[in-house]
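Visitor: Have a look at this one before I ask anything.
Laboratory data are not the source of any read-out in this text; all were calculated from the coordinates shown. The shown structure was predicted, so the numbers you read here are calculated from the model rather than taken from an experiment. Every residue, glycine as well, gets a Cβ built from its backbone with ideal geometry; the counts of neighbours run over all protein chains shown.
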Amino acid sequence: MRSSTLAAVAVLFALGLAEVASAQNLELSAQYWEMKPSGSLAIGKDGQPGTSADLGNDLGYKKDKLLGFDAALGDANRLVFSYLDMGLSANHVLTRDLDIDGTRYASGTDVRSTMDIDLMRLAYQMQNGVYGFRGGFLAGVEYIDFKAQARATSAGEAKESYDTILPIVGAKIHLGPPSLRVDISLAGSPWDIEGTRINFIDFEANLKASFKGLFAGIGYRNLSFKAENDSAPLKADVKFRGPQLLAGIMF
């Protein structure tokens, strides 16, 4: 799966560069995202399922602050790259027994857990329209690197990692004049191959103001991720959502 997908990335990248080479429009931006994780995660071992642990009630995850980065080259035809590093951690005294990756953590145990999720996207985006309204579609790939760990002095350490490359499709629309506009985007992928089932959805809505090549804005992001892997076994149904600030520069 990995080799064929990487080949598709190379073809997509080459086509994107060919389309946007004459445009020379470059946009760089950063996002400050204050998000709250929710949902559940179960990590098993040797075919035995783990306990489905609620991220908030069982593990103590709360709001966190993250940074993301985007780059886009082109105008009507754009090559888009984005990166988001989601490093989350929590300390919590368990109120029930949990089995994580074959390790049992008894009720009353003080557990430190971490989730480290890296998201990288490379996509081709085509957009067109009239003054005050532009829209189009995007197609590309999303690389997901997921690591989870739990640790307690009395019970030891449990951890699991998984990475994959997903094909994604989506759409984006811009409403309003360039100086003050609303951007709405939706991208995702259902994927079922080799014992792994993934449903990934990324939604954003932002209000952006621009002036002399600079822009800033405020918005909301909702990132949801459902995954099942038979070999671990691993089962995740998690959401990350909350407001964000963004700022950038256009050349």
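Visitor: How would you rank R241, R134, going from fewest to most other Cβ atoms within 10 Å of each one's own Cβ?
Guide: R241, R134
Visitor: Give me K147, K212, K62 sorted ascending by neighbouring Cβ count inside 10 Å, so fewest comes first.
Guide: Listing K147, K212, K62 from fewest to most nearby Cβ atoms yields K212, K62, K147.
Visitor: Further question on the same structure: Can you give the three extents of the C-alpha atoms in segment 53-110 along their principal axes, from longest to shortest, in whole Å?
Guide: Between the extreme Cα coordinates on each principal axis of segment 53-110 lie 56, 23, 13 Å.
Visitor: OK, next. Across all directions of projection, what mean area in square nanometres is found for the Cα convex hull of the chain?
Guide: Mean projected area of the Cα convex hull: 13.4 nm².
Visitor: Mind putting together the pair-distance distribution for segment 180-251? All Cα pairs, 5 Å bins, whole percent per bin, short to long.
Guide: 4, 14, 19, 16, 12, 11, 9, 7, 5, 2, 0
Visitor: Compute the long axis of helix 2-20 from its Cα atoms, compare it with the longest principal axis of the Cα atoms of the chain, and write down the angle in degrees, 0 to 90, nearest 10.
Guide: For helix 2-20, the angle is close to 20 degrees.
Visitor: On a C-alpha basis, how far is the centre of segment 33-88 from the centre of segment 203-251 in Å? Whole number, if you could?
Guide: The distance from the Cα centre of segment 33-88 to that of segment 203-251 comes to 10 Å.
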